[in-house]
């Protein structure tokens, strides 16, 4: 695994990202400016616990969020993003929206360091149903929200109009 070190100023742990194969790495490859925002947000944050979710309003427009609220008038489909076995919900003809929020998920590794496993511009949200981190709120949330079309590269053979959860 390639570890891109974000912060090693803390004596208790360092913070890193796997830029090659993690969801965070795939997201950052399309939005490299977010790496500086992740560093900014985590620089003064003391991390505790096995899995930590950090969401912060940075008080300025930092990019666009790929998640939108949906209604019955939206054209919805489901598909598996590349390198994923979990289906995501997508809305056709919807566009990313400006956001000042940044969400970061970090997980403590066996050495006591923290890996940024996922990050995105936008509010925190429950994992997709079927994901190992899905919660009791996942189904309800993802029935009323979706990713904008082209937010992620999808496996074209997995596209369906039927709720796959």
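The values are calculated or read from the model by the stated rules, or taken from the named source; none is laboratory data. Because the structure is a prediction, the values reported are computed rather than measured. Cβ sites come from the backbone with ideal geometry, for glycine too, and all protein chains shown count toward neighbours.
If we keep just the residues of segment 133-144 that are surrounded by 16 or more Cβ atoms within 10 Å (Cβ to Cβ) and either touching a strand residue (DSSP E or B) at 6+ places or on another chain (Cβ under 8 Å) or assigned to a loop (DSSP other than H, G, I, E, B) (or both), which is modelled with the lowest pLDDT? Ranking the candidates gives 134 first.
For segment 55-100, name all the residues that are under 18 Å from residue 149 (Cβ atoms), in contact with a strand residue (DSSP E or B) (Cβ under 8 Å, 6 or more places away or on another chain) and in a loop (DSSP other than H, G, I, E, B). Residues satisfying the conditions are 66, 70, 74, 75, 80, 82, 87, 92, 94, 95, 96. Could you list all residues from segment 3-20 that are surrounded by 11 or more Cβ atoms within 10 Å (Cβ to Cβ) and either free of Cβ contacts under 8 Å to residues at least 12 places away in the same chain or not in a strand (DSSP E or B) (or both)? Listed by number, the residues that qualify are 3, 8, 10, 13, 14, 18, 19, 20. Of all the residues that make up segment 26-39, how many are under 15 Å from residue 105 (Cα atoms), out of contact with any helix residue (DSSP H, G or I) (no Cβ under 9 Å at 6 or more places or on another chain) and modelled with pLDDT of 90 or more? Looking only at that region, the number is 2. Test residue 103 against the stated conditions and say whether it is surrounded by 14 or more Cβ atoms within 10 Å (Cβ to Cβ), under 19 Å from residue 142 (Cα atoms) and modelled with pLDDT under 95. For residue 103, the condition - surrounded by 14 or more Cβ atoms within 10 Å (Cβ to Cβ), under 19 Å from residue 142 (Cα atoms) and modelled with pLDDT under 95 - is not met. Note on segment 5-18: residues that are at pLDDT below 90 and within 18 Å of the chain's Cα centre (by Cα) amount to 1.
Take the conditions out of contact with any helix residue (DSSP H, G or I) (no Cβ under 8 Å at 6 or more places or on another chain) and surrounded by fewer than 19 Cβ atoms within 10 Å (Cβ to Cβ) and apply them to residue 98. Does it pass?
Judged against the criteria, residue 98 is a match.
Total residues in segment 112-124 satisfying the condition of being touching a strand residue (DSSP E or B) at 6+ places or on another chain (Cβ under 7 Å), at pLDDT below 95 and surrounded by fewer than 17 Cβ atoms within 10 Å (Cβ to Cβ): the figure is 0. Taking segment 151-165 as the range and being over 15 Å from the mean Cα position of the chain (by Cα) and in a loop (DSSP other than H, G, I, E, B) as the test, the residues that pass are 155, 159, 161, 162, 163, 164, 165. Take residue 121 and decide whether it is within 14 Å of the chain's Cα centre (by Cα) and more than 30 Å from residue 46 (Cβ to Cβ). The answer is no for residue 121. Look at segment 126-150: where a residue is on the phi > 0 side of the Ramachandran plot and a partner is exposed (fewer than 14 other Cβ atoms within 10 Å of the Cβ) and part of a loop (DSSP other than H, G, I, E, B), sitting 6+ places away or on another chain with Cβ atoms under 9 Å, you get 130/85. Tell me, yes or no, whether segment 68-75 has at least one residue that is over 29 Å from residue 9 (Cα atoms), crowded, with 16+ Cβ neighbours inside 10 Å, within 13 Å of the chain's Cα centre (by Cα) and in contact (Cβ under 8 Å) with a residue 12 or more places away in the chain. The answer is no; no qualifying residue exists.
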